[in-house]
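Each reported figure results from applying straightforward, stated rules to the coordinates on display, with no laboratory input. Since this is a predicted model, take the numbers as computed values, not measurements. Every residue, glycine as well, gets a Cβ built from its backbone with ideal geometry; the counts of neighbours run over all protein chains shown.
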Amino acid sequence: MSVRAAFDTARDEGRAALVGYLPAGFPDVEGSIEALRVMVDAGCDVIEVGLPYSDPVMDGPTIQAAAQQALEGGVRTRDVLRTIETVAATGTPVVVMTYWNPVERYGVARFAEDLAAAGGAGLITPDLTPDSAEEWIEAADRHDLDKIFLIAPSSTDARIAMTTAACRGFVYATAVMGVTGARTTTSDLAGPLVARARTATDLPVAVGLGVSNGDQAAEVASYADGVIVGSAFVRALLDHPDDRPAGRAALRALTEDLAGGVRRG
C-alpha cells in the first residue's frame, strides 16, 4: 500500500491516519524492528523510520537520546534499509525521516535506488526545502518515491504553495504540542496552518509534533488528515531499558490509545 492509499483508506473510514515514528537501531536493530511491528499491529497506518544522525538539531531530548543510543550501537544506513524492508513487508507504507547530510554522504541517487529496492515509500526531509532539493526531487521521481516537505505556522502563503506543490504522499505540518497548557496554543497554530495548506493542495495534511495520548490525537484528528507521533513512542521504550517485553507492551498500549484517538477525532 502507498502512503496516499493509507490516508485515503483512513479518510474513507471517516478518521485521520496515525503516523508513528521510531529511529532505526533503537534500542538496537532487531529491537527497533520488533517495536515497529508492534506499532503496525496495534494500529499505525504509516510508519516513519528515523535515520539516526549525530547532529539532530531539530529533535527534542527524547529522540536525541534514542538516536544517540542507536549510533553508539553502531547502526548504519544499511541497517536502516534492512529495517525498512522488514517493516514494509507487513504491507504498511514506510517512509524515512532523515536529515539531509546522511543522504548526501550516501549518495542521493544511490539512496533513492536503495530505498525503493527496500520497499520504502519515500522521504521526510525536515532540513531540506524544495527550492534546494533539485537532485532529490529528480531521484525521487525516477523511483516513484514520495517527497514529504515541511510547512510551519511561520510559512508564508507563497511558501506553502511552493512547498505543497513539490510534495507527494502527504504534507507535514509541524507544530509543537505540550502535555499541559501548550496544547491549546498549538491548536490555535496548527488548525489554521492545516486550513491554509488545504487551500493550496489536495494532498493529505498531517500534523506533528508532540502528541502523546489518545485525547490529544483526537483533538488533532478533528482538523487534520493525519496525526504524527514520535517522542511518545520513543519514551515508551526509554522507560523500560532493561525489560524489553514491558517496553513492547507499553508501546502497544500507547499505539492502541492513539489509534482510538484518531478514530474519535
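What to note about this one:
- Ordered by the number of other Cβ atoms lying within 10 Å of each residue's own Cβ, fewest first, ILE84, ILE33 fall into the sequence ILE33, ILE84.
- Neighbour net charge for ALA236 - beta-carbon separation under 14 angstrom, K R +1, D E -1: -1
- By average C-beta atoms within 10 angstrom, highest first, the peptides 16-25, 91-100, 221-230: 16-25, 221-230, 91-100
- Kirkwood hydrodynamic radius (C-alpha pairs) into Stokes-Einstein, the chain, 10 °C and 1.306 mPa s, D in µm²/s: 88 µm²/s
- Here the 3J(HN,Hα) profile of the range 119-131, calculated from phi with Karplus coefficients 6.51, -1.76 and 1.60 at θ = phi - 60°, is x, x, 9, x, 9, 9, 10, x, 10, 10, 9, x, 6 Hz, Gly and Pro shown as x.
- Across the chain, the relative contact order, built from alpha-carbon pairs under 8 Å that are at least six residues apart, equals 22 percent.
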